[in-house]
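*Asks:* Shown below is the structure under consideration.
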Amino acid sequence: MPKLNVAPPHRQRRHTLAALLLLGLGAALPIIASPIGRSAGATGDRCAVPAEFAPGDAALPHTAARLASGGTLTIVALGSSSTEGVGASRPESTYPRRLAAVLQEYLPKTPIRVVNRGVSGEMAEQMAARIDRDVLAEKPDLVIWQLGSNTVLRDGDIAAEIESLRRGIARLKAAGVDVMLIDLQYAPAMLAHPGYREMLYALAAVARSEDTAIIHRFAMMRHWTEDGQMSLSAMLAPDRLHMSDASYDCLARQVARGIITDAGDRRYALASDRRP
């Protein structure tokens, strides 16, 4: 009898729960405890998320190899305004800058280099077109690709966005680079466009089919405000679309947690209760 192509139980669980969370059915799930995103109930950490929101289960082999070698870990943050840092009060408060600081704290023996290649207003096709010039030229071990929001806000072609994304992922993987995705932000302006649901599912589907890590930013942000960890006004910039210093910091912590756990170095994610 031929073997069925069944995902391992932990992946089945992750994919099923991700779909439920996108549908808004995960509000009562337990909170995860970790030093980078700890239990809100136990510590008052506004960055905490339920365990099922946590990024993971997609290996980052090149990142892991770099951590094992002791060389500089180079990360390129590719994206649009959320990566560039629109809404942050200063450059140091953008998520790429906060990510560098958090990773350096938890990986003190590893030099960390995070390069911000966010350009406000861009969609996947434009980002993919500058991969060679703006991304691969930096010789990254990992690319964190934030996308999808502008296509939704402009009621654009989601299928075309996803096709550009797939081509970009193929280019990055062919160059020996790990990829992690970040999906949409949770904001009133986003909810006004019905296409946000389709985009969330499409990005999750790409992550599954390409075995690529993904940060479920939309679900995380919704949890933070609905669980009372951050008010909407604290989580969003005055334009009520872009993230604030507080939520960029929380995003950076969750991205850092995903990198550390997916790269297999769980000592830093689980053993310490320090927080930078």
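None of the figures in this text is laboratory data; all of them are computed from the coordinates on show. Quick caveat: nothing in here was measured; it's all calculated off a predicted structure. Note: ideal-geometry Cβ built from the backbone for every residue, glycine included; neighbour counts use all protein chains shown.
*Asks:* Would you work out the relative contact order for the range 126-276, in percent, from Cα pairs under 8 angstrom that are 6 or more residues apart?
*Replies:* So the answer I get is 20 percent.
*Asks:* So if R0 is 25 Å, what FRET efficiency would GLN126 and ALA68 give, r being the distance between their Cβ atoms, rounded to the nearest 0.05?
*Replies:* That gives a FRET efficiency of 0.10.
*Asks:* Sticking with this one: With 10 angstrom as the radius, rank ILE182, ILE260, ILE215 by how many other C-beta atoms surround their C-beta, starting from the fewest.
*Replies:* Ascending Cβ contact count within 10 Å gives the list ILE215, ILE260, ILE182.
*Asks:* Now for a separate question. On the Cα set of the range 28-270, report Rg and Dmax in Å, please.
*Replies:* Looking at the range 28-270, its Cα Rg and Dmax stand at 16.5, 47 Å.
*Asks:* If you take the square roots of the eigenvalues of the alpha-carbon gyration tensor of the range 144-197 and sort them as a ≥ b ≥ c, do you get rounded (a/c under 1.5), prolate (a/b over b/c) or oblate?
*Replies:* Oblate.
*Asks:* Okay, moving on. Among ARG257, ARG130, which comes first, then next, by fewest other beta-carbon atoms within 10 Å?
*Replies:* If I rank by nearby Cβ atoms, fewest first, I get ARG130, ARG257.
*Asks:* Once you keep just the Cα pairs under 8 angstrom separated by 6 or more residues, what percentage relative contact order results for the range 28-270?
*Replies:* Relative contact order for the range 28-270 comes out at 29 percent.
*Asks:* Quick one: length gained pulling LEU191 to LEU232 fully straight, 0.36 nm per residue minus the C-alpha distance?
*Replies:* Fully extending the segment from LEU191 to LEU232 adds 13.4 nm.
*Asks:* Which one, MET190, TRP224, TYR95, projects farthest toward the positive side of the charge dipole computed for the range 28-270 from Cβ point charges (K/R +1, D/E -1)?
*Replies:* TYR95
*Asks:* I want the antiparallel fraction of DSSP beta bridges within the range 28-270, as a percent rounded to 5.
*Replies:* Of the beta bridges lying entirely in the range 28-270, close to 10 percent run antiparallel.
*Asks:* Separate question: Figure the gain on full extension for GLU198 and GLU163 (residue separation times 0.36 nm, minus the Cα-Cα span) and round it to one decimal in nm.
*Replies:* Additional length available on full extension: 11.2 nm.
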